[in-house]
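Visitor: This is the structure I want to talk about, given as structure tokens.
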Amino acid sequence: MTESYPMGPLSTPHIAATGSSPTRPPGEVNGSRDGAYPSLDIGQLLDNGPWTALQKIVVFIAALSIIMDGFDGQLIGFAVPVLIKEWGVTRGDFAPALAAGLVGMGIGSAFAGLLADRFGRRGAVIVSVMVFGLATFCIGFAANLWHIGALRFIAGLGIGGALPSSTTVAAEFTPERRRTLAITATIVCVPLGGMLAGLFAGMVLPNLGWRALFFLGGALAVLLGFIMLFILPETPRFLVRRPARWAELRRLVGRMSRPVTADIVFTDLGEQGSTNARAFLHCSRRAGPATRSRSGAPSFSTCLPYIAPSRGCRRC
């Protein structure tokens, strides 16, 4: 039998690990000889392995996406006083537009998990960032409150979907001993983005006006989305459930300084039978009161993502 990734608790014969017939590697033809293929439990590898440079870069990118989430989400609040003077409207007139943004956040949060399960965590993060970036950019063209309301609803879809998707990516690329730190660090990027938006608005509004505020704010998010297209990898836990993409998973594991053989059989024993990312829910439950308290926070955009992406957790 060809030797796989250094033998130990992270790599055992597939037939012994599962108690069932071995799964053939992709491309194995019917009728070939039976036998136990070398296997690798990707969950144990991620949970107990080192935190490599690539994994830290992924967590940093996830944090940047959440900073932009909080950044673009707060721009409208700084633009409202200027719009009131320019358009001759009242604060109450903005209520429907602001409410539309909250509705969009709720829907985006609720469907983020489904999008991530179907198309991947990478796709969910990139789509979310691109959606709220493009919608925020287009607010700069708005001619009335109805335009702002419609675009804020669309932006809310992305803003609501970015937080659960990005925290899931951060969790799945972080060893268990550092996962609480990674999740907490990404979540606190929401208010950090809001604070940066305030500083940004203070520089842009007096000099360039409210339209430039949305043009520049949206363009930054779109730029980040394009960067993620080239450098953000798919999570191993998503790839392991799709044997057709095991070649991609082997390359990713190799980039994390864990080379494996071509005939390796990937498993994820802790996630078998699940179609959602329970790692985020598992870690948030273990993170202690400081992290869990956010699920009861008054901010709608930060409390709902804790509930929406997952449907249960057998590991707790």
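Visitor: Thr90 to Leu269: extension gain in nm, 0.36 nm per residue of separation minus the Cα-Cα distance?
Guide: 58.7 nm
Visitor: If R₀ is 30 angstrom, what is the calculated FRET efficiency for the pair Ala244 and Ala53, using the beta carbon separation as r and rounding to 0.05?
Guide: Efficiency for this residue pair is about 0.60.
Visitor: Follow-up. Under the 0.36 nm per residue contour assumption, what length would be gained going from the current alpha-carbon distance of Ser257 and Asn207 to full extension?
Guide: Gain on extension, Ser257 to Asn207, equals 13.1 nm.
Visitor: How do Glu172, Glu248, Glu234, Glu86 rank when sorted from fewest to most other Cβ atoms within 10 Å of their own Cβ?
Guide: Glu86, Glu248, Glu234, Glu172
Computed from the coordinates by the stated procedures, all read-outs in this text should not be read as laboratory data. For clarity, every value in this text was computed on a predicted model and none was experimentally measured. All Cβ positions, glycine included, derive from the backbone under ideal geometry; neighbour counts span all protein chains shown.
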